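What follows is a short report on a single structure.
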Amino acid sequence: MNPFQKILVACDLSKFTNQVLDYAVALAQSAKGHLILANVINQRDVDAIEHAIHKTFLVQKEASPENFIRQHKSDREMQLKELINESGHPDLFLKTVIRTGVPFQELLHIVESENADLVVMGTLGRTNLRSVLLGATAEKMFRSCPVPVLSVRLHKK
C-alpha cells in the first residue's frame with residue numbers, strides 16, 4: 001500500500017508555483033497518488049480591504065469584503081484550472097480547494113477535511129523574503145501538520 005494517495009499541494013500562485021507543482025506531479029505519478037490543489041485568500045488582505053472601505057466611507061455595493069473574496073476566488077479558480085491544464089496531467093488532480101482565513105490554519109483544516117497523506121509546499125511565499133518565510137506559513141506547517149510536509153527548495157529562474 002502506498003502511504004501517499006492524497007497529496008495536498010499548497011499553492012500560493014507566486015512565481016514559484018510551477019516548481020512546486022512539478023515536484024508534486026512527479027511525486028503523484030511515482031506514488032500512484034492524486035493531488036489536491038489548495039489556495040488560501042489571506043484574512044489579513046480581507047481585513048485590509050474592510051478597513052480601507054470603512055476609513056474612506058465607501059458604501060458602494062461593489063466595495064465590500066464579500067465582493068473582494070468572491071472576485072479573488074473566481075480569479076484563483078481560473079488560475080488553478082490553468083495550472084492543472086499546463087501540468088500535462090489533469091487526471092492526477094482530484095480537486096481544487098480555495099479558502100479564506102489564516103493560511104497555515106486553513107491548510108491544516110484542508111489536510112484534515114480531505115484526509116491528505118502529505119503536503120507539498122514551497123520554501124518561499126508570495127513575499128519572496130527568505131527571512132520571513134520560515135517565520136510564516138511554512139514553519140507553522142512544519143510544526144503543526146499532522147502529516148509529513150515536503151518542502152520544495154525553490155530556485156529563482
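The values are calculated or read from the model by the stated rules, or taken from the named source; none is laboratory data. Because the structure is predicted, anything quoted here is derived from the model rather than measured. FYI the Cβ positions are ideal-geometry reconstructions off the backbone, even for glycines, and counts take in every protein chain you see. Keep in mind that these areas ignore ligands, DNA and RNA; they rest on the heavy atoms of the full protein, side chains included. Shrake-Rupley method; radii C 1.70, N 1.55, O 1.52, S 1.80 Å.
Is it the case, given these coordinates, that Pro103 is touching a helix residue (DSSP H, G or I) at 6+ places or on another chain (Cβ under 7 Å), open to solvent by less than 30 Å² (accessible area, probe 1.4 Å) and either at pLDDT below 95 or over 23 Å from Lys32 (Cβ atoms) (or both)? Yes; evaluated as a whole, the condition is true for this residue. Restricting attention to the stretch 129-142, does a residue exist that is open to solvent by less than 50 Å² (accessible area, probe 1.4 Å), at pLDDT 85 or above and over 16 Å from the mean Cα position of the chain (by Cα)? Scanning the stretch 129-142, I find no residue that is open to solvent by less than 50 Å² (accessible area, probe 1.4 Å), at pLDDT 85 or above and over 16 Å from the mean Cα position of the chain (by Cα), so the answer is no. Count of the stretch 67-100 residues, restricted to those that are closer than 12 Å to Cys11 by Cα and open to solvent by less than 40 Å² (accessible area, probe 1.4 Å), is 6.
With respect to the stated conditions, Gly125 is surrounded by 19 or more Cβ atoms within 10 Å (Cβ to Cβ), modelled with pLDDT under 95 and out of contact with any strand residue (DSSP E or B) (no Cβ under 7 Å at 6 or more places or on another chain).
The residues of the stretch 21-41 that are open to solvent by 10 Å² or more (accessible area, probe 1.4 Å), aliphatic (A, V, I, L, M) and outside any helix (DSSP H, G or I) amount to a single one, Val40. Counting the residues of the stretch 6-19 that are modelled with pLDDT under 95 and either touching a Cys at 6+ places or on another chain (Cβ under 7 Å) or not aliphatic (A, V, I, L, M) (or both) gives 8. For the criterion of being under 25 Å from Cys145 (Cβ atoms) and open to solvent by 30 Å² or more (accessible area, probe 1.4 Å), His51 fails.
Among the hydrophobic types (A, V, I, L, M, F, W, C), open to solvent by 90 Å² or more (accessible area, probe 1.4 Å) and modelled with pLDDT under 95: does that describe Val46? Taking the combined requirement at face value, the residue does not satisfy it. Among the residues making up the stretch 1-20, a single one is open to solvent by less than 20 Å² (accessible area, probe 1.4 Å), more than 13 Å from Ile84 (Cβ to Cβ) and part of a loop (DSSP other than H, G, I, E, B): Phe16.
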